[in-house]
Amino acid sequence: MLIDLEVMEGGDRLDRWLSQQLSDLSRSRIAKLIEEGRVTLNGQVCTSKKRTVVPGDRLHLTIPEATPQDLQPEPIPLDILYEDEYLIIINKPANLVVHPAPGHETGTLVHALLFHCDNLAGIGGVKRPGIVHRLDKDTTGAIVVAKTDLAHQKLQAQLKAKTARREYLGIVFGAPATESGTINLPVGRHPVERKKMAVVPTEKGGREAVTHWQILERLGNYSLMQFRLSTGRTHQIRVHSSYIGHPIVGDPVYSSRGSLGVNLSGQALHAWKLTIEHPVSGEIIEAIAPLPADLTKLLAVLRKRNNTKGYLPIDEAILN
């Protein structure tokens, strides 16, 4: 895969600048690619990660694709919400990584999909076959995977054009003052803790990130919220929620608070509804992923503590 980049703001080391632009790659991975001669700077191979980039510099980064035999199918159970010959929508559980990455070379959703779909290898790249978008390891819910190149291209185009609709449910600490709002703050790699994301100015490498939210239910010092994404940055909802002072319950990275005595398998964030246009028929597909048991239990505990029964229309939508 070839990535073309232009430096708009300079004065930073090559490896650091690239890591700010490419959140999918670790800084150590980028350094290795530089050392292997896979980065060109203004048409010349650059093998020094300490080289300073300046405005106007053009970079080309070549990321070698893995070979298909690197990935072996694994019989991991899948909760299928929708499937046909062009795509499949999965209700992903917590603790399941979407695609292979350092430290997670096996046991991923990709390995499960290769076992389930015998024609998936190579769609959209052999390291992430069929993957259109991602969910964090500990975020549950609906994720769509393409089975053909055409479906992959069209589904990715919907995400880019913001015509695909992704809605999440989350339980957060605190009670926002208003009933709804929009967080429009750029997200990028944390300047110090490189495994984290943060709100980062665009001139420092942050990328546009827009999260729409509304409160579904107030539960004392907690709130059940619905989130809708206009962009899909890494950890976007988790970073935005933490930034405004209402982190997701159980988030091990962006919240230091406890999980209220309920043993959560991940943070209390669930990709509840995915609405897409079928890449071939044009039919609107709306996939709803039921809440996992631990989030249902957490909601019940909070309602009991606050002596509320919940709102039936909401419960019918999210629990059934």
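The values are calculated or read from the model by the stated rules, or taken from the named source; none is laboratory data. This is a predicted model, so every value here is computed, not measured. All Cβ positions, even for glycine, are placed from backbone atoms using ideal geometry, and neighbour counts span all protein chains on display.
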Does residue 284 satisfy the criteria of being in contact with a His (Cβ under 8 Å, 6 or more places away or on another chain) and either exposed (fewer than 15 other Cβ atoms within 10 Å of the Cβ) or modelled with pLDDT of 95 or more (or both)? yes
Can you pull out every residue in region 237-262 that is in contact (Cβ under 8 Å) with a residue 60 or more places away in the chain and part of a helix (DSSP H, G or I)? 237, 238, 241, 243
Which one of these is more than 15 Å from the chain's Cα centre (by Cα), crowded, with 20+ Cβ neighbours inside 10 Å, more than 29 Å from residue 86 (Cα to Cα) and at pLDDT below 95: 220, 266, 258, 205? 205
What is the number of the single condition among (1) within 14 Å of the chain's Cα centre (by Cα); (2) over 25 Å from residue 291 (Cβ atoms) that residue 240 does not meet? (2)
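When you look at residue 15, is it crowded, with 17+ Cβ neighbours inside 10 Å, among the acidic types (Asp, Glu) and free of Cβ contacts under 8 Å to residues at least 40 places away in the same chain, yes or no?
Against the criterion (crowded, with 17+ Cβ neighbours inside 10 Å, among the acidic types (Asp, Glu) and free of Cβ contacts under 8 Å to residues at least 40 places away in the same chain), residue 15 qualifies.
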Which of the following residues is in contact with a Lys or Arg (Cβ under 7 Å, 6 or more places away or on another chain) and among the small types (Gly, Ala, Ser): 157, 161, 175, 146? 175
Scanning for something at pLDDT below 90, within 30 Å of residue 256 (Cβ to Cβ) and either surrounded by fewer than 23 Cβ atoms within 10 Å (Cβ to Cβ) or touching a Lys or Arg at 6+ places or on another chain (Cβ under 7 Å) (or both), does region 104-114 turn up at least one residue? yes
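Which residues, counting only those in region 165-186, are surrounded by fewer than 23 Cβ atoms within 10 Å (Cβ to Cβ) and either in a strand (DSSP E or B) or outside the structural domain of residue 267 (by TED's automatic domain parsing) (or both)? Walk me through it before giving the result.
Start the filter on region 165-186 by keeping residues that are surrounded by fewer than 23 Cβ atoms within 10 Å (Cβ to Cβ), which leaves 165, 167, 173-186.
Correct list: 165, 167, 173, 180, 181, 182, 183, 184.
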